[in-house]
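Handing you a structure now.
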Amino acid sequence: MAEKSGKIEKPEPPAPAGMGRRRFLGTAAVAGAGLAALAGCNEKPAADAGKGAASAGGTHAAANAVHLKPGELDSYYGLWSGGHTGDARIIGIPSGREIHRIPCFNPDPLIGWGITNESKKIMGTKPDGSLKYTVADTHHVHASYKDGNYDGRYAWINDKINSRIARLRLDYFVCDKITELPNVQGFHGIFPDKRDPVDEKINYTTRVFCGGEFSIPLPNAPIDDPSKYRSLFSCVDAESMEVRWQVMIDGNCDLTATSFDGKLAATNQYNTEMGARYEDMMSAERDACLFFNIARIEAAVKAGKFRTIGTSKVPVVDGTAEANKDPGTALVAYVSVPKNPHGVNASPDGKYFICAGKLSPTATVIELSRVLEWFDGKLEKIDDSIVAEVELGLGPLHTAFDGRGNAYTTLFLDSQVVKWNVEAAIKFTRGDKTAKYVVDRIDVHYQPGHINATQSETTAADGKYLAVGCKFSKDRYLPVGPMHPENEQLIDISGDKMILLADHPVRPEPHDFIIFKRDLVKPKQVYDIDHSPLAIKDAKESGVFRQGRKVTVKMTSLAPSFSLREFKVKKGDEVTLILTNLDKIEDLSHGFAIPNYNINFVVNPQETASVTFTADKTGVFWCYCTHFCHALHLEMRSRMIVEA
């Protein structure tokens, strides 16, 4: 994993120990069942395996790009939020195939997330050992940067309901840490910094910024006066996952963005009125996009110019508009934008943030160098950092980029994606009415929200594909009752005209996503057995070990058997079962289930997992492998005998 130097070890996927799973299954079946005819089932690579999809070069070629041949690999990984399932989805692009899900905030019975001791430690438990939360609402997922591009170390995803942030390790594609933000409700926008603004030598992600959407009393108390409510903008350490500091602000945070030089973080803000009801949130003419001067905030924290709230020890600085009028000392700048903006995104050239209007048919272009000039006292009015505010259509929400100077914004009410040129929009705003900033429009189905393009908010934006999440699908799929799927669509943006390539139904309700080149990450396909301190490296270490009423059962799996064919415990024992998968062949995972005890989990090759439970029922309980692994999979069992 990443060291403080920012370097990360990216080993190639381990080679199978002498054979692949295809050959292993064939030869194992011969040995186990005496079926000599299967001996010829040798491993044969699929044709064109490892090749990516061809570049789209026209309507026909573009359409064919999404239909990969058997064995052909996608060119990009898509990392999607899962919505109310509380997980992250891995999508292959351009095929749109769902490859994997990473459980984060909610239990997942497939792999035993929320059942194993290791996952419960990450998720958080009550004093009785039960999970603290079992619901979530993931919206935004973003990955770590180095030199302005994704570096394959981490990704982060939010839980809006319970204000939690989860970190995903992209070497194993698993969640490894979860942090709950103090004094925050409605944690929505999330974005990592792209370099460290305090130390210019650190050109990789060290922080993750989190926007608190709902204003509450600080500390929370039954206060009915909304004018006393505030929101917090939080900074989380990328490595330790501890909350570094928070900024108290006016209004509600929506989304979050960061600049490529590491100096600024931002959130688009609504409800500057501080209303508690929606009609109270609509009285002002405009809202704001807030810019946080990261170096100044960290200097203020270091100088002790902060407060703490309630039982939290996290430093909180004052970022309210009233306290930040003087640009010479301001920590936060409030840029006026049209009412109820929805979405703020950084252009790949590092020059601009785009703030979409939602209730205004416009997008606002803010030049970051001018924001910094205001902080330095060189710009009289912070609103002079706005270099364009142009009409795009009805209900603009989110924006993506192609790296060629074009932006792509979803129009929720028009059910369209509009392609527009940022520099042309600036020229138009400056008075050149001949500047045609709208380049193209395409109808999508229907009510599009989140949008992203391949490598969009990186310096390596390549303008190949665009994905858009449509909130309503209506007539696009077979009806399945009152709840319709949502519709995610793929668009080719490699040419002048956008081309709709594919529809994909998705269970409600996912939100944001990123798409990055597949060679930026090198996933490990077999665990390092030392990954867990509990690992049982030799089947001879297996056994039942008792200390009073606490019993530890150590066991290994090696297809097609568990090292303990049976084990005995007594009713009332607190049992901790530790299982290590000793198989070294990729894709050879084993499950372990105990009937009537609500236990099922998976151990991947060389992985160790444990569960703790009370043996409160007497009898014989057949523990079996739940993950197909071998011709003798059905015979792969152990017996737990619980004696009175």
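The values are calculated or read from the model by the stated rules, or taken from the named source; none is laboratory data. This is a predicted model, so every value here is computed, not measured. Cβ coordinates were reconstructed from backbone atoms using ideal geometry, including for glycine residues, and neighbour counts include every protein chain displayed. All accessible areas refer to the heavy atoms of the entire protein, side chains included, with ligands and DNA or RNA removed. Shrake-Rupley method; radii C 1.70, N 1.55, O 1.52, S 1.80 Å.
Among 579, 379, what's the order by accessible area (1.4 angstrom probe), most exposed first?
379, 579
While we're here: In segment 176-219, which trypsin sites (Lys or Arg not before Pro) are in a loop and have at most 16 other Cβ atoms within 10 Å, using DSSP for the loop call?
Loop-located and lightly packed - 201.
Which pairs in the list 263/358; 146/584; 194/351 are over 22 Å apart, alpha-carbon to alpha-carbon?
263/358; 146/584
Residue 396: net charge of surrounding residues, Cβ under 12 Å, Lys/Arg +1, Asp/Glu -1, itself excluded?
Here the charged neighbours net out to -2.
Taking amide H atoms as placed 1.01 Å from N in the peptide plane, list the residues 5 or more away in sequence, or in a different chain, whose amide H sits under 5 Å from that of residue 566.
Here the answer is 639, since their amide H atoms fall under 5 Å of that of residue 566.
What does the accessible area of residue 200 come to, in Å² to the nearest 10, when a probe of 1.4 Å is used?
100 Å²
Still on this structure: In nm, give the distance between the simple-model label positions of residue 307 and residue 550, each being 7 Å from the Cα along the Cα-to-Cβ direction.
Label-label distance for residue 307 and residue 550, simple model: 4.4 nm.
Turning to a different aspect of this structure: Find, among the GluC sites (Glu not before Pro) in segment 346-430, those assigned to loop by DSSP (not H, G, I, E, B) with at most 11 other beta-carbon atoms within 10 angstrom.
380
Follow-up. Rounded to whole Å, give me the distance from the Cα center of segment 236-288 to that of segment 323-380.
For segment 236-288 versus segment 323-380, the Cα centre distance is 12 Å.
For the chain, what is the calculated [θ] at 222 nm in deg cm²/dmol (nearest 500), taking -39500 (n - 2.57) for each run of four or more DSSP H residues and dividing by its residue count?
For the chain, the value works out to -2000 deg cm²/dmol.
Please compute the per residue accessible area over the chain with all protein chains in place, 1.4 Å probe, rounded to a whole number of Å².
42 Å²
Next question, about the same structure. Under 5 Å between amide hydrogens, which residues at least 5 positions from residue 207 or on another chain qualify, with H placed 1.01 Å from N in the peptide plane?
193, 238
Tell me the accessible surface of residue 499 in square angstrom (1.4 angstrom probe, heavy atoms of protein chains only), to the nearest ten.
Rounded to the nearest 10, that gives 30 Å².
Continuing with this model, one more query. From the backbone phi of segment 106-112, what are the Karplus-calculated ³J(HN,Hα) couplings (6.51 cos²θ - 1.76 cosθ + 1.60, θ = phi - 60°) in whole Hz, Gly and Pro given as x?
Here the 3J(HN,Hα) series is 10, x, 9, x, 4, 9, x Hz.
Related question: At 1.4 Å probe size, put 584, 160 in order of accessible surface, largest to smallest.
Greatest to least solvent exposure: 584, 160.
Continuing with the same structure: Among (i) 30.1, 115; (ii) 24.6, 77; (iii) 26.8, 88, which is the computed Rg and Dmax of the Cα atoms in Å?
(iii)
Can you give the % of DSSP beta bridges in the chain that are antiparallel, to the nearest 5?
Close to 90 percent.
For the chain, what % of the accessible area comes from carbon and sulfur atoms, probe 1.4 Å?
The C+S portion of the solvent-accessible surface of the chain is 53 percent.
Return the subset of 302/524; 427/464; 120/201 for which the Cα-Cα distance in this structure is over 32 Å, preserving the input order.
302/524; 120/201
On to the next question. Accessible surface of residue 378 in the full protein assembly, 1.4 angstrom probe, to the nearest 10 Å²?
Around 150 Å² of this residue is reachable by solvent.
Of 565, 169, 153, which has the most accessible area and how do the rest follow, probe 1.4 Å?
Largest accessible area first, the residues go 565, 169, 153.
For segment 471-516 and segment 395-464, compute the distance between their C-alpha centroids and round to whole Å.
18 Å
Here's another thing I want to ask about it. Taking only C-alpha pairs under 8 Å that are 6+ residues apart, what is the relative contact order of the chain in percent?
Relative contact order of the chain: 11 percent.
For segment 529-643, what is the charge dipole size about the Cα centre, in debye to the nearest 20, if Lys and Arg each add +1 at the Cβ and Asp and Glu each add -1 at the Cβ?
560 debye
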